[in-house]
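Novice: Below you will find the structure I want to go over with you.
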Amino acid sequence: MTSLKIMNENYQSLNNEGEDVIQGLTQSPKTLPQKYFYDDYGSELFEQICELPEYYLTRTEAGILHKYAHEIAQITGACELVELGSGSSTKTLFLLDAYQKFASSCRYIAIDISGGILKSSVIKLQQKYPAFFIEGLIGTYQQALIKLESTFTQSRMIFFLGSSLGNFNLQECDDLLRQITRTLQVGDYFLLGIDLQKPKEILEQAYNDSQGVTAAFDLNILSHLNWRFQGNFDLNLFTPQVIYNQNNAQIETYLHCQKSHKVSLEALDLQVLFADGESILTQISRKFDLGIMQKQLETYGFKTLKTWTDPKEWFGLVLCQA
């Protein structure tokens, strides 16, 4: 029997009504949480980024999944599938096709902060896999995982693709991995996709495309704050810049202010002064070493079962078990 469930909640109540924005814009240097990139328009722009020739991440990971999804399903057997940051669920099709061969019915739970793209992808998946139970959870990863903690399943695999773990700083990464361990039982699985370290030129091109789509995506975070929190950011006064910080092995995205001015966010009762040349750090994307990541996962109680990479060893998949 087919079932479709979209769980939606008030965005601001889920995110403490912008307290993270207040904290980020009142500290020095200024920062913004990367989740605010992903309103519906931002999610659409990111889907466009994934198709760009410079952005190797999506097609490289998709190639690995296309080749090894069946092997992943063979190792885990039939289980509930939970995806963090599902987006359009394009790469998910490789996994769902593989698991469809192991069970006549399967439960797939898609988690994303953007309600528009989540609802669209869940409906399409339900049509493609009518025997599956497809569910969408709108919210941050941690909020959705808390909802799943008390849900008993025989076997479960959480998967986190796209190297999205790299968008979290070390403390945020620790918090998320601990939350994932609480959502899994002994014997459950965790599949992680990570972008591997490579030359600076390749990395910076991937986040600074020639068509300007990435720049539009970077600036959209300010548009999102404007409509969500009644702000008056002037996007013409900010210029995006992407650099690769080799010491920290991470891409860093900044918005540089072009002249001194004041910004108001009325819904947050916040006024922010920007100096000429001042920057906002809006996103990091850490790049990983496959061996080091396996050792780190061990500290959270995960045993690596198998890893896969592409021929260039630009991207890696790690399948581990709690």
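The values are calculated or read from the model by the stated rules, or taken from the named source; none is laboratory data. Predicted model, so just to flag it, every value in this text is computed and none were measured. Backbone-built Cβ (ideal geometry, glycine too); neighbour counts: all protein chains shown.
Novice: Looking at (1) of a type outside the set (A, V, I, L, M, F, W, C); (2) closer than 26 Å to Gly291 by Cα; (3) touching a Gly at 6+ places or on another chain (Cβ under 7 Å), which is the one condition that is false for Asn220?
Specialist: Here Asn220 meets the rest and fails (2).
Novice: Further question: Considering only region 76-91, how many residues are at pLDDT below 90 and on the phi > 0 side of the Ramachandran plot?
Specialist: If we filter region 76-91 for residues that are at pLDDT below 90, which is where we start, we get 86-90.
Restricting the remaining residues to those that are on the phi > 0 side of the Ramachandran plot gives 87, 89.
Residues in region 76-91 being at pLDDT below 90 and on the phi > 0 side of the Ramachandran plot: 2 in total.
Novice: Name the one entry in Ala110, Ala98, Ala73 that is touching a strand residue (DSSP E or B) at 6+ places or on another chain (Cβ under 8 Å), of a type in the set (Gly, Ala, Ser) and closer than 25 Å to Ile194 by Cβ.
Specialist: Values: Ala98 fails: touching a strand residue (DSSP E or B) at 6+ places or on another chain (Cβ under 8 Å); Ala73 fails: touching a strand residue (DSSP E or B) at 6+ places or on another chain (Cβ under 8 Å).
Going through Ala110, Ala98, Ala73 in turn, just one is touching a strand residue (DSSP E or B) at 6+ places or on another chain (Cβ under 8 Å), of a type in the set (Gly, Ala, Ser) and closer than 25 Å to Ile194 by Cβ: Ala110.
Novice: Yes or no: Gly136 part of a loop (DSSP other than H, G, I, E, B), under 30 Å from Ile221 (Cα atoms) and either in contact with a strand residue (DSSP E or B) (Cβ under 8 Å, 6 or more places away or on another chain) or assigned by TED's automatic domain parsing to the domain that holds Arg228 (or both)? Please lay out each step first, then the result.
Specialist: Numbers: part of a loop (DSSP other than H, G, I, E, B): no; under 30 Å from Ile221 (Cα atoms): yes; either in contact with a strand residue (DSSP E or B) (Cβ under 8 Å, 6 or more places away or on another chain) or assigned by TED's automatic domain parsing to the domain that holds Arg228 (or both): yes.
Judged against the criteria, Gly136 is not a match.
Novice: Check Asp209, Asp269 and return the single one that is buried (at least 16 other Cβ atoms within 10 Å of the Cβ), of a type in the set (Asp, Glu) and either within 25 Å of Arg178 (Cβ to Cβ) or not assigned by TED's automatic domain parsing to the domain that holds Asp195 (or both).
Specialist: Values: Asp269 fails: buried (at least 16 other Cβ atoms within 10 Å of the Cβ).
The unique qualifying residue is Asp209.
Novice: With respect to Leu290, determine if the residue is more than 26 Å from Tyr41 (Cβ to Cβ), exposed (fewer than 15 other Cβ atoms within 10 Å of the Cβ) and in contact with a strand residue (DSSP E or B) (Cβ under 7 Å, 6 or more places away or on another chain).
Specialist: Details: more than 26 Å from Tyr41 (Cβ to Cβ): yes; exposed (fewer than 15 other Cβ atoms within 10 Å of the Cβ): no; in contact with a strand residue (DSSP E or B) (Cβ under 7 Å, 6 or more places away or on another chain): yes.
In short, no.
Novice: Moving on. If you check every pair at least six apart or on different chains, which have Cβ atoms under 9 Å apart with a residue in region 81-99 that is under 23 Å from Gln321 (Cβ atoms) first and a residue that is part of a helix (DSSP H, G or I) and of a type in the set (Lys, Arg) second?
Specialist: Phe94/Lys67; Leu96/Lys128
Novice: Let me ask another. So which of Gln271, Gln197, Gln250 is free of Cβ contacts under 8 Å to residues at least 60 places away in the same chain and in contact with a Lys or Arg (Cβ under 7 Å, 6 or more places away or on another chain)? It would help to see each step written out before you state the result.
Specialist: Values: Gln197 fails: free of Cβ contacts under 8 Å to residues at least 60 places away in the same chain; Gln250 fails: free of Cβ contacts under 8 Å to residues at least 60 places away in the same chain.
That would be Gln271, the only listed residue that is free of Cβ contacts under 8 Å to residues at least 60 places away in the same chain and in contact with a Lys or Arg (Cβ under 7 Å, 6 or more places away or on another chain).
Novice: Given the conditions (1) more than 20 Å from Leu297 (Cα to Cα); (2) out of contact with any helix residue (DSSP H, G or I) (no Cβ under 8 Å at 6 or more places or on another chain); (3) not in a loop (DSSP other than H, G, I, E, B), report the number of the one that Pro130 does not fulfil.
Specialist: Answer for Pro130: the failing condition is (3).
Novice: Looking only at region 273-302, count how many residues are assigned to a strand (DSSP E or B) and either assigned by TED's automatic domain parsing to the domain that holds Arg178 or under 22 Å from Asn169 (Cβ atoms) (or both).
Specialist: First pass over region 273-302, keeping only residues assigned to a strand (DSSP E or B): 273-274, 279-286, 288.
This time we only want the ones that are either assigned by TED's automatic domain parsing to the domain that holds Arg178 or under 22 Å from Asn169 (Cβ atoms) (or both), so: 279-286, 288.
Residues flagged as assigned to a strand (DSSP E or B) and either assigned by TED's automatic domain parsing to the domain that holds Arg178 or under 22 Å from Asn169 (Cβ atoms) (or both) within region 273-302 amount to 9.
Novice: Quick test for you: out of Leu184, Leu222, pick the one residue that is farther than 22 Å from Leu57 by Cα, in the same structural domain as Leu281 (by TED's automatic domain parsing) and in contact with a strand residue (DSSP E or B) (Cβ under 8 Å, 6 or more places away or on another chain). Explain how you work it out, then say what you get.
Specialist: Numbers: Leu184 fails: in the same structural domain as Leu281 (by TED's automatic domain parsing).
Result: Leu222 is the single residue among Leu184, Leu222 that is farther than 22 Å from Leu57 by Cα, in the same structural domain as Leu281 (by TED's automatic domain parsing) and in contact with a strand residue (DSSP E or B) (Cβ under 8 Å, 6 or more places away or on another chain).
Novice: When you look at Leu45, is it part of a helix (DSSP H, G or I), aliphatic (A, V, I, L, M) and not assigned by TED's automatic domain parsing to the domain that holds Cys173, yes or no? Talk me through it step by step, then tell me what you get.
Specialist: Working: part of a helix (DSSP H, G or I): yes; aliphatic (A, V, I, L, M): yes; not assigned by TED's automatic domain parsing to the domain that holds Cys173: yes.
In short, yes.
Novice: Restrict the check to region 195-203 and report whether at least one residue is assigned to a helix (DSSP H, G or I) and either closer than 25 Å to Leu93 by Cα or of a type in the set (D, E, K, R) (or both).
Specialist: Initially, region 195-203 is screened for residues assigned to a helix (DSSP H, G or I), giving 200-203.
Checking which are either closer than 25 Å to Leu93 by Cα or of a type in the set (D, E, K, R) (or both) leaves us with 200-201.
Among the residues of region 195-203, at least one is assigned to a helix (DSSP H, G or I) and either closer than 25 Å to Leu93 by Cα or of a type in the set (D, E, K, R) (or both), which makes the answer yes.
Novice: Against the condition among the small types (Gly, Ala, Ser) and under 21 Å from the mean Cα position of the chain (by Cα), how does Gly77 come out, does it pass?
Specialist: Values: among the small types (Gly, Ala, Ser): yes; under 21 Å from the mean Cα position of the chain (by Cα): no.
The answer is no for Gly77.
Novice: Is it the case that some residue within region 58-76 is in a loop (DSSP other than H, G, I, E, B) and of a type outside the set (D, E, K, R)?
Specialist: Start the filter on region 58-76 by keeping residues that are in a loop (DSSP other than H, G, I, E, B), which leaves none.
No, the conditions are met nowhere in region 58-76.
Novice: Which of the residues that make up region 76-94 are touching a strand residue (DSSP E or B) at 6+ places or on another chain (Cβ under 7 Å) and closer than 14 Å to Arg156 by Cβ? Explain how you work it out, then say what you get.
Specialist: Going residue by residue through region 76-94, those that are touching a strand residue (DSSP E or B) at 6+ places or on another chain (Cβ under 7 Å) are 76, 79-87, 89, 92.
Matches in region 76-94: Thr76, Cys79, Glu80, Leu81, Val82, Glu83, Leu84.
Novice: Here is a further query. Tally the residues that are more than 18 Å from the chain's Cα centre (by Cα) and part of a helix (DSSP H, G or I), restricting the search to region 21-42.
Specialist: Going through region 21-42 one residue at a time, the tally reaches 5.
Novice: Taking region 303-322 as the search range and keeping residues that are touching a helix residue (DSSP H, G or I) at 6+ places or on another chain (Cβ under 7 Å) and not in a strand (DSSP E or B), which one is nearest to Ser155 (Cα to Cα)?
Specialist: Out of the qualifying residues, it is Ala322.
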